[in-house]
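What follows is one structure encoded as structure tokens, with my remarks underneath.
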Amino acid sequence: MNALTCLLALATLLFAAAVQADPPAGYAFVPYDEGLRQAQASGRKIFLYFGRYGCAWCDKTNKESFFDAGLKQRYSDNYVLVYVDAESGNRLTLPSGERLTEMELGARLNVFATPVFLYLEPDGSPILKVPGFKTVQDFRDFDRYIQGGHYRKMKLLEFLAENPA
Amino acid sequence: MRMLAAGLLGLALTLPAQAEWVFADFEAASGEPRVKLFPHLESAGRGNLAASGDRLAVVWEDNRDGSPQVYAALRRLDRPGFAAPLRLSTGREAYEPVVVGLGGDRFLAAFEQDGKVVARVFSATAQGAPTPLDQTVSAQVTLAAGNGRLHAAWGRRDGRFLRLVSAPLAVDGMQISTGAARAVDTSPTQDEQLYASLAATAQGYAIAWEDRRAGHTRLLTATSSDGAQWSTPQPLNEIPRQSSAAELGLGRGPGVTRVSLAGDGAATVAAVWMDKRDFLSGYDTYAGVSADGGQSFGANEKAQDAFGAEKPQWHPAVAVTPHGVVAAWDDPRDDTPDIWLSTRHSEKEWSDDFTVTGAAGPGSQDNPVLLWHGDRLHLAWVHKGEGGAQVRYAQGRWE
């Protein structure tokens, strides 16, 4: 294989990676059922990212928010990171024992748009659901709200009004 | 005034009553619900219902034997009551079954079993041996039967991706023989081809599938006279020309997924799918109708009415009837998922959405499948309530 062919192959790989709205690179995202197991073992909360192949706003979130090194460190430290492709037929096992597809999980959780970000207790019960593109600061604010346990006492907007960044 | 009233009354009496779908009481198809029993009516193309001879079959997957397995239940077409479920799968786990009628009360089911697509002939009293349709990793099988021919299509693992292949099938008694499987689209494999749906037509076959090769999911269609060579794939879903995301150079297209085809066995082929072009309210049920056996489809049409506009629609199924194309799906417009249907009266003219007794109300009703056969519209769905879940069925007539 000559150098030109190598370059073309590399460019093709990079292009393929760029047009997909897969989980952001460098994050240790795992499937939903694996994430539940890890969370129950570690006691960490879950950050669940519902994306979709070709999803524009997932793409924007990946490029503009998850690219931030500080955010990456913060979320990697504080959460079990779970990614679900909202149109995928990949199968998961729920704690109930039910086997279902990633898309069906989205239907059950009424994930009507992508991206959708959910913060879950280690047992999988939902804490907060936020749809659409979010900035680095948004994700920092959500993290303060979740990790500080403020969700037990007040709504997100109340928390942000009382505790601006 | 008295004359006017008498005239209006006379007019009302002379107008024909508007026909509508009238459904009989629903029946349980999968047996009694049980806690932690999870039936799923999922398959490529939503082909979980078929008729053959004087029988109707519904196929589904559940965990009643401790692992996900495939089951069928049969009933007489003209008599209520399903017989006890028959287990069709024989492996460690099985998923996504589809079924077609073979005549003479026999049926052909196909499903994924232990990572490969298999098929099995069955009737109320006998079952043939499970027959692999592919020796390699494969999934998402769809079947079509018509004009004395049988055909299957499925996703075959090719490197990192599922690639769509199809093959003719022949059944002799309870034995299945499989012809050569060929790629539906012969261009090089670049990304996933998923969840195909086949329909038999007078000219041969029509097929539609999810195709991810463009960096987003498109729905493509093709036709074939013999199932060996397929026409050049044509786009089915329309992509809005302008979107704020596209202008920003982000993403590639709106979400479309889970296309289902149905035909009348002649020239009409209808497609329905989930389409997120209006992304603020999630998926809508969109449809396209072909009058030339699937060679071309008319403009995309939104099947559901305005009352469903603010909620996402899921799991669309379709049937072609003499009274119009019928679409069914589930959505939570009344807080919990219910089955909704709509009939296409003419181009871009769909009825108000309507529900069926037992397929709406307390609990959750989702994952509908449809079949038009024997002057009846057959509908099955999954009901989930406090006592567990079960597959339910009802048949409707146009009157």
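Here, each number is a calculation from the coordinates, and none is a lab measurement. Since this is a predicted model, take the numbers as computed values, not measurements. A quick note on method: Cβ atoms are made from the backbone with ideal geometry, for glycine too, and the neighbour counts reach across all protein chains shown.
For a 32 Å ceiling on Cα separation, which of these pairs sit above it: A:Lys153/B:Lys36; A:Lys155/B:Lys276; A:Lys63/A:Lys129; B:Lys36/B:Lys311? List each step's numbers first, then the result.
Numbers: A:Lys153/B:Lys36 34 Å; A:Lys155/B:Lys276 30 Å; A:Lys63/A:Lys129 21 Å; B:Lys36/B:Lys311 28 Å.
A:Lys153/B:Lys36, as the Cα separations exceed 32 Å there.
For chain A, find the longest principal axis of its Cα atoms and tell me its angle to the long axis of helix A:32-42, 0 to 90°, nearest 10.
Tilt relative to chain A: about 50 degrees.
Take B:Glu347 and A:Asn110, extend 7 Å from each Cα along the Cα→Cβ direction, and tell me the distance between the two endpoints in nm.
Output for this residue pair reads 3.9 nm.
Could you size up the charge dipole of chain A around its Cα centre, putting +1 on the beta carbon of Lys and Arg and -1 on that of Asp and Glu, and report it in debye to the nearest 20?
240
Compute a Gaussian network model of chain A, connecting alpha carbons closer than 10 Å, and tell me which residue from A:Pro115, A:Pro23, A:Pro31 fluctuates the most.
Answer for the Gaussian network model of chain A: A:Pro31.
Give a residue-ordered list of calculated ³J(HN,Hα) values for region B:139-155 (Karplus: 6.51 cos²θ - 1.76 cosθ + 1.60, θ = phi - 60°; whole Hz; x for Gly, Pro).
3J(HN,Hα) across region B:139-155, in whole Hz: 6, 6, 7, 9, 10, 9, 10, x, 6, x, 10, 10, 8, 10, 9, 7, x.
How many percent of Cα pairs in the protein assembly as shown exceed 43 Å?
20
With respect to the cross-link table entries B:Lys116/B:Lys348; B:Lys302/B:Lys384; A:Lys45/B:Lys302, which display a Cα-Cα separation exceeding 32 Å? Don't jump to the answer; show the numbers that get you there.
On the way: B:Lys116/B:Lys348 40 Å; B:Lys302/B:Lys384 28 Å; A:Lys45/B:Lys302 40 Å.
Pairs exceeding the cut-off: B:Lys116/B:Lys348; A:Lys45/B:Lys302.
Can you compute the FRET efficiency between B:Arg34 and B:Ser281 using 1/(1 + (r/R0)^6), with r the Cβ-Cβ distance and R0 = 41 Å? Round to the nearest 0.05.
0.70
Kirkwood Rh and Cα-based Rg: tell me the resulting Rg over Rh for region A:18-165, rounded to two decimals.
Rg divided by Rh gives 0.94.
Taking chain B as the region of interest, what is the percent of Cα-Cα pairs per 10 angstrom bin, listed from the shortest bin to the one with the maximum distance?
It works out to 5, 23, 33, 25, 9, 3, 1, 0, 0, in whole percents.
Towards the positive end of the charge dipole of chain A, with charges on Cβ (+1 Lys, Arg; -1 Asp, Glu), say which of A:Ala107, A:Leu156, A:Leu120 has the farthest Cα.
Farthest along the dipole direction, towards plus: A:Leu156.
In debye to the nearest 20, how big a dipole does the protein assembly as shown give about its Cα centre with +1 on each Lys and Arg Cβ and -1 on each Asp and Glu Cβ?
On the way: 55 positive and 66 negative charges, 156 e Å.
Roughly 740 debye, rounded to the nearest 20.
So for region B:306-399, what percent of the C-alpha to C-alpha distances run longer than 20 Å?
The proportion of pairs with Cα distances above 20 Å equals 33 percent.
Computed FRET efficiency, Cβ-Cβ of B:Asp78 and B:Asp335, R0 35 Å: what is it to the nearest 0.05?
Step by step, r from the Cβ atoms, then E = 0.40.
May I ask you to work out the translational diffusion coefficient for region A:62-110 at 20 °C, viscosity 1.002 mPa s, via Stokes-Einstein with Rh from the Kirkwood sum over Cα pairs, reported in whole µm²/s?
169
Placing +1 at every Lys and Arg Cβ and -1 at every Asp and Glu Cβ, with all other atoms neutral, what dipole size does region B:28-98 have around its Cα centre, in debye to the nearest 20?
180
Just subtract the alpha-carbon distance of B:Asp65 and B:Gln175 from 0.36 nm times their residue separation and send over the number in nm, one decimal.
That pair, B:Asp65 and B:Gln175, stretches by 37.0 nm at full extension.
What percent does the relative contact order of chain A come to when contacts are Cα pairs within less than 8 Å and at least six residues apart?
With pairs under 8 Å counted, the relative contact order is 24 percent.
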